[in-house]
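Working notes for the structure below.
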Amino acid sequence: MGIDYEKISKNYDSVRYANQSTISVFLQNLHITEATKVLDFGCGTGNYADTLQKATHAQVFGVEPSDGMREKAVSKNSSVVFSKGNHGHIPFEDNFFDFVYMTDVIHHIPDLGVMFRELFRVLKKEGFLCIVTQSHEQIDKRFYVKYFPTTAIVDKHRYPDIPVIIGDAVKAGFSHIRTNVKEGGITKVQSDFVELARAKGYSMFHLIPEEEYQKGLTELEKDVMTDALFVPDSSGTLVWLGK
Ligand SMILES: C[S@@+](CC[C@H](N)C(=O)[O-])C[C@H]1O[C@@H](n2cnc3c(N)ncnc32)[C@H](O)[C@@H]1O
(Lines give C-alpha, C1' and ligand atoms only; values in the text may rest on other atoms or scores of the structure.)
Protein backbone atom coordinates (compact mmCIF):
# COMPACT_ATOMS: atom_id res chain seq x y z
CA MET A 1 0.00 0.00 0.00
CA GLY A 2 1.31 3.48 -0.91
CA ILE A 3 1.31 6.42 1.46
CA ASP A 4 -1.35 9.00 0.63
CA TYR A 5 0.13 12.36 1.65
CA GLU A 6 -2.93 14.19 0.29
CA LYS A 7 -4.95 12.49 3.04
CA ILE A 8 -2.19 12.70 5.67
CA SER A 9 -1.80 16.46 5.01
CA LYS A 10 -5.16 17.12 6.66
CA ASN A 11 -3.95 16.31 10.18
CA TYR A 12 -0.13 16.16 9.78
CA ASP A 13 0.42 19.40 11.67
CA SER A 14 -1.63 18.35 14.65
CA VAL A 15 0.85 15.55 15.35
CA ARG A 16 4.16 16.49 13.68
CA TYR A 17 6.42 19.52 14.17
CA ALA A 18 10.02 20.60 13.62
CA ASN A 19 12.48 18.93 15.99
CA GLN A 20 14.38 21.79 17.66
CA SER A 21 17.48 19.71 18.28
CA THR A 22 17.81 19.03 14.53
CA ILE A 23 17.54 22.77 13.80
CA SER A 24 20.22 23.38 16.49
CA VAL A 25 22.57 20.88 14.82
CA PHE A 26 22.12 22.72 11.48
CA LEU A 27 22.89 26.06 13.14
CA GLN A 28 25.94 24.68 14.98
CA ASN A 29 27.42 23.15 11.83
CA LEU A 30 26.77 25.91 9.28
CA HIS A 31 27.27 29.64 8.94
CA ILE A 32 23.82 30.70 7.70
CA THR A 33 23.26 34.36 6.79
CA GLU A 34 20.48 36.30 5.03
CA ALA A 35 22.28 35.59 1.74
CA THR A 36 22.35 31.81 2.22
CA LYS A 37 20.09 29.87 -0.15
CA VAL A 38 18.61 26.85 1.64
CA LEU A 39 16.44 24.07 0.20
CA ASP A 40 14.15 21.92 2.34
CA PHE A 41 13.72 18.92 0.03
CA GLY A 42 10.47 16.97 0.62
CA CYS A 43 9.42 19.82 2.91
CA GLY A 44 5.92 18.49 3.59
CA THR A 45 3.87 21.11 5.44
CA GLY A 46 6.98 23.29 5.81
CA ASN A 47 7.55 22.93 9.56
CA TYR A 48 11.36 22.89 9.28
CA ALA A 49 11.50 25.49 6.48
CA ASP A 50 9.32 27.84 8.54
CA THR A 51 11.35 27.39 11.75
CA LEU A 52 14.70 27.77 9.96
CA GLN A 53 13.61 30.85 8.00
CA LYS A 54 12.37 32.57 11.17
CA ALA A 55 15.56 31.66 13.06
CA THR A 56 18.02 32.80 10.36
CA HIS A 57 16.21 35.06 7.82
CA ALA A 58 18.02 33.06 5.14
CA GLN A 59 16.50 32.63 1.66
CA VAL A 60 14.60 29.42 2.29
CA PHE A 61 12.92 27.31 -0.41
CA GLY A 62 10.83 24.14 -0.13
CA VAL A 63 10.19 21.45 -2.73
CA GLU A 64 7.36 19.00 -2.19
CA PRO A 65 5.36 16.69 -4.52
CA SER A 66 2.07 16.56 -2.57
CA ASP A 67 -0.30 19.47 -3.27
CA GLY A 68 -2.07 19.00 0.07
CA MET A 69 1.19 19.12 2.07
CA ARG A 70 2.54 22.05 0.04
CA GLU A 71 -0.65 24.11 0.46
CA LYS A 72 -0.30 23.87 4.26
CA ALA A 73 3.32 25.00 3.91
CA VAL A 74 2.41 27.99 1.73
CA SER A 75 -0.14 29.19 4.30
CA LYS A 76 2.47 28.96 7.08
CA ASN A 77 5.21 31.30 5.89
CA SER A 78 5.04 33.68 2.93
CA SER A 79 8.78 34.40 3.13
CA VAL A 80 9.57 30.83 2.06
CA VAL A 81 9.17 29.92 -1.63
CA PHE A 82 7.45 26.53 -1.93
CA SER A 83 7.46 24.68 -5.29
CA LYS A 84 6.18 21.41 -6.65
CA GLY A 85 8.92 18.88 -7.39
CA ASN A 86 10.30 15.50 -6.47
CA HIS A 87 13.47 13.40 -6.42
CA GLY A 88 13.68 13.43 -10.23
CA HIS A 89 12.80 17.05 -10.78
CA ILE A 90 13.87 19.97 -8.57
CA PRO A 91 12.71 23.09 -10.41
CA PHE A 92 15.86 25.20 -9.95
CA GLU A 93 18.91 25.94 -12.06
CA ASP A 94 22.27 24.23 -11.58
CA ASN A 95 24.48 25.33 -8.66
CA PHE A 96 21.70 27.30 -6.93
CA PHE A 97 21.69 26.27 -3.26
CA ASP A 98 24.31 26.64 -0.51
CA PHE A 99 22.62 24.12 1.77
CA VAL A 100 20.05 21.39 1.13
CA TYR A 101 18.52 19.24 3.85
CA MET A 102 15.85 16.56 4.04
CA THR A 103 14.10 15.40 7.20
CA ASP A 104 12.23 12.07 7.28
CA VAL A 105 12.08 11.88 3.50
CA ILE A 106 14.72 9.43 2.28
CA HIS A 107 12.58 6.35 2.99
CA HIS A 108 10.01 7.64 0.48
CA ILE A 109 12.48 7.97 -2.41
CA PRO A 110 12.13 5.20 -5.02
CA ASP A 111 15.57 5.75 -6.62
CA LEU A 112 18.41 7.19 -4.53
CA GLY A 113 20.77 7.47 -7.54
CA VAL A 114 18.30 9.72 -9.41
CA MET A 115 17.75 11.83 -6.29
CA PHE A 116 21.45 12.28 -5.49
CA ARG A 117 22.25 13.30 -9.07
CA GLU A 118 19.45 15.89 -8.99
CA LEU A 119 20.52 17.24 -5.59
CA PHE A 120 24.16 17.37 -6.77
CA ARG A 121 23.04 19.41 -9.79
CA VAL A 122 21.20 22.10 -7.78
CA LEU A 123 23.84 22.37 -5.01
CA LYS A 124 26.62 24.94 -5.37
CA LYS A 125 30.24 23.82 -5.38
CA GLU A 126 31.35 23.66 -1.73
CA GLY A 127 27.70 23.48 -0.67
CA PHE A 128 26.38 21.00 1.90
CA LEU A 129 23.65 18.36 1.92
CA CYS A 130 22.34 16.98 5.22
CA ILE A 131 20.13 13.90 5.36
CA VAL A 132 18.18 13.43 8.58
CA THR A 133 16.98 9.87 9.06
CA GLN A 134 17.27 6.86 11.37
CA SER A 135 19.73 3.98 11.08
CA HIS A 136 18.49 0.38 11.21
CA GLU A 137 19.97 0.10 14.70
CA GLN A 138 17.94 3.14 15.81
CA ILE A 139 14.76 1.72 14.22
CA ASP A 140 15.19 -1.50 16.23
CA LYS A 141 15.53 0.54 19.45
CA ARG A 142 12.31 2.60 19.01
CA PHE A 143 10.31 2.08 22.20
CA TYR A 144 7.07 1.53 20.30
CA VAL A 145 8.39 -1.56 18.46
CA LYS A 146 7.18 -3.37 21.59
CA TYR A 147 3.60 -2.30 20.73
CA PHE A 148 3.85 -2.43 16.92
CA PRO A 149 6.57 -5.02 16.13
CA THR A 150 5.95 -5.07 12.38
CA THR A 151 6.88 -1.36 12.14
CA ALA A 152 10.56 -2.30 12.61
CA ILE A 153 10.41 -4.87 9.79
CA VAL A 154 8.52 -2.54 7.45
CA ASP A 155 10.78 0.42 8.20
CA LYS A 156 14.08 -1.47 7.88
CA HIS A 157 12.81 -2.46 4.44
CA ARG A 158 11.87 1.13 3.55
CA TYR A 159 14.75 3.05 5.14
CA PRO A 160 18.10 2.74 3.37
CA ASP A 161 20.71 2.12 6.08
CA ILE A 162 23.47 4.68 6.56
CA PRO A 163 26.24 2.91 4.56
CA VAL A 164 23.84 2.56 1.58
CA ILE A 165 23.00 6.29 1.73
CA ILE A 166 26.67 7.26 1.84
CA GLY A 167 27.60 4.79 -0.93
CA ASP A 168 24.90 6.06 -3.32
CA ALA A 169 25.73 9.71 -2.55
CA VAL A 170 29.44 9.15 -3.24
CA LYS A 171 28.57 7.45 -6.56
CA ALA A 172 26.68 10.63 -7.55
CA GLY A 173 29.76 12.79 -6.80
CA PHE A 174 29.28 13.84 -3.16
CA SER A 175 31.98 13.51 -0.54
CA HIS A 176 31.05 12.18 2.89
CA ILE A 177 31.96 14.79 5.49
CA ARG A 178 30.68 13.26 8.74
CA THR A 179 27.77 11.43 10.36
CA ASN A 180 26.20 12.78 13.58
CA VAL A 181 24.37 10.22 15.67
CA LYS A 182 21.82 11.86 17.97
CA GLU A 183 20.94 9.58 20.85
CA GLY A 184 17.81 10.55 22.73
CA GLY A 185 17.76 10.67 26.53
CA ILE A 186 15.07 9.06 28.64
CA THR A 187 11.69 10.70 28.33
CA LYS A 188 8.14 10.25 29.61
CA VAL A 189 5.66 9.18 26.94
CA GLN A 190 3.16 12.01 26.75
CA SER A 191 -0.40 11.87 25.55
CA ASP A 192 0.70 13.59 22.32
CA PHE A 193 2.48 10.40 21.22
CA VAL A 194 -0.74 8.47 21.82
CA GLU A 195 -2.56 11.15 19.77
CA LEU A 196 0.03 10.73 17.02
CA ALA A 197 -0.48 6.94 17.02
CA ARG A 198 -4.28 7.35 17.04
CA ALA A 199 -4.05 9.68 14.04
CA LYS A 200 -1.59 7.32 12.26
CA GLY A 201 0.70 10.33 12.13
CA TYR A 202 3.70 8.20 11.08
CA SER A 203 3.42 6.58 7.66
CA MET A 204 4.54 3.19 9.09
CA PHE A 205 1.17 2.87 10.86
CA HIS A 206 -0.43 2.67 7.42
CA LEU A 207 1.82 -0.25 6.47
CA ILE A 208 1.24 -2.75 9.30
CA PRO A 209 -1.74 -5.11 9.70
CA GLU A 210 -4.76 -3.23 11.10
CA GLU A 211 -5.23 -5.88 13.79
CA GLU A 212 -1.69 -5.36 15.11
CA TYR A 213 -2.17 -1.59 14.99
CA GLN A 214 -5.41 -1.74 17.02
CA LYS A 215 -3.96 -4.16 19.59
CA GLY A 216 -0.76 -2.12 19.99
CA LEU A 217 -2.72 1.09 20.35
CA THR A 218 -4.92 -0.38 23.09
CA GLU A 219 -1.85 -1.60 25.02
CA LEU A 220 -0.05 1.71 24.58
CA GLU A 221 -3.09 3.67 25.80
CA LYS A 222 -3.40 1.36 28.81
CA ASP A 223 0.31 1.68 29.75
CA VAL A 224 0.31 5.46 29.36
CA MET A 225 -2.85 5.82 31.44
CA THR A 226 -1.98 3.42 34.25
CA ASP A 227 1.73 4.21 34.70
CA ALA A 228 4.17 6.94 33.84
CA LEU A 229 5.90 5.34 30.89
CA PHE A 230 9.61 6.27 30.64
CA VAL A 231 11.32 5.28 27.40
CA PRO A 232 14.39 6.15 25.31
CA ASP A 233 13.71 9.40 23.43
CA SER A 234 13.65 9.33 19.64
CA SER A 235 17.12 9.26 18.14
CA GLY A 236 18.31 10.27 14.70
CA THR A 237 21.24 10.22 12.32
CA LEU A 238 22.44 13.20 10.29
CA VAL A 239 24.55 12.34 7.25
CA TRP A 240 26.59 15.36 6.05
CA LEU A 241 27.71 15.39 2.43
CA GLY A 242 29.61 17.98 0.40
CA LYS A 243 29.95 18.94 -3.27
C1 LIG B 1 7.34 12.17 6.68
S2 LIG B 1 7.04 13.46 5.53
C3 LIG B 1 8.30 14.62 6.03
C4 LIG B 1 7.94 16.03 5.70
C5 LIG B 1 8.91 17.08 6.23
N6 LIG B 1 10.22 16.92 5.69
C7 LIG B 1 8.95 17.00 7.74
O8 LIG B 1 9.98 16.59 8.30
O9 LIG B 1 7.95 17.35 8.39
C10 LIG B 1 7.71 12.83 4.00
C11 LIG B 1 7.56 13.81 2.85
O12 LIG B 1 8.29 13.31 1.71
C13 LIG B 1 7.57 13.66 0.55
N14 LIG B 1 7.96 12.82 -0.59
C15 LIG B 1 7.45 11.61 -0.91
N16 LIG B 1 8.01 11.18 -2.05
C17 LIG B 1 8.90 12.13 -2.46
C18 LIG B 1 9.78 12.25 -3.59
N19 LIG B 1 9.84 11.29 -4.51
N20 LIG B 1 10.53 13.37 -3.70
C21 LIG B 1 10.46 14.34 -2.73
N22 LIG B 1 9.64 14.26 -1.64
C23 LIG B 1 8.87 13.18 -1.51
C24 LIG B 1 6.12 13.44 0.99
O25 LIG B 1 5.18 14.05 0.10
C26 LIG B 1 6.12 13.99 2.39
O27 LIG B 1 5.78 15.36 2.44
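For segment 59-82, a tally of residues being crowded, with 22+ Cβ neighbours inside 10 Å and more than 14 Å from the ligand (Cβ to nearest atom) returns 0.
As a summary of the residue check, residue 51 satisfies the conditions (1) surrounded by fewer than 22 Cβ atoms within 10 Å (Cβ to Cβ); (2) within 13 Å of the ligand (Cβ to nearest atom); (3) within 15 Å of residue 96 (Cα to Cα) except for the one numbered (3). Restricting 35, 18 to those that are within 14 Å of the ligand (Cβ to nearest atom) and either open to solvent by less than 50 Å² (accessible area, probe 1.4 Å) or hydrophobic (A, V, I, L, M, F, W, C) (or both) reduces the list to 18. Taking the conditions (1) more than 15 Å from the ligand (Cβ to nearest atom); (2) crowded, with 19+ Cβ neighbours inside 10 Å in turn, residue 96 satisfies each one other than (2). Residues being open to solvent by 30 Å² or more (accessible area, probe 1.4 Å) and at pLDDT 95 or above are entirely absent from segment 181-191. Residues that are touching a helix residue (DSSP H, G or I) at 6+ places or on another chain (Cβ under 6 Å) and open to solvent by less than 20 Å² (accessible area, probe 1.4 Å) within segment 136-154 comprise 139, 147, 148, 151, 152, listed in sequence order. When residue 103 is tested against (1) of a type outside the set (D, E, K, R); (2) open to solvent by 70 Å² or more (accessible area, probe 1.4 Å); (3) near the ligand (Cβ under 10 Å from one of its atoms), only condition (2) is not met.
Can you tell me which residues in segment 155-178 are open to solvent by 30 Å² or more (accessible area, probe 1.4 Å) and of a type in the set (A, V, I, L, M)? Of everything in segment 155-178, those that are open to solvent by 30 Å² or more (accessible area, probe 1.4 Å) and of a type in the set (A, V, I, L, M) turn out to be 164, 166, 170, 177. Could you check how many residues of segment 106-129 are near the ligand (Cβ under 9 Å from one of its atoms) and of a type in the set (D, E, K, R)? Adding up the residues that qualify gives 1. The residues listed here are 137, 126, 93, 64; of these, the one that is acidic (Asp, Glu) and in contact (Cβ under 8 Å) with a residue 40 or more places away in the chain is 126.
The values are calculated or read from the model by the stated rules, or taken from the named source; none is laboratory data. The shown structure was predicted, so the numbers you read here are calculated from the model rather than taken from an experiment. Cβ atoms come from the backbone with ideal geometry, glycine included; neighbour counts cover every protein chain shown. For accessibility, only protein heavy atoms count, side chains too; no ligands or nucleic acids. Shrake-Rupley method; radii C 1.70, N 1.55, O 1.52, S 1.80 Å.
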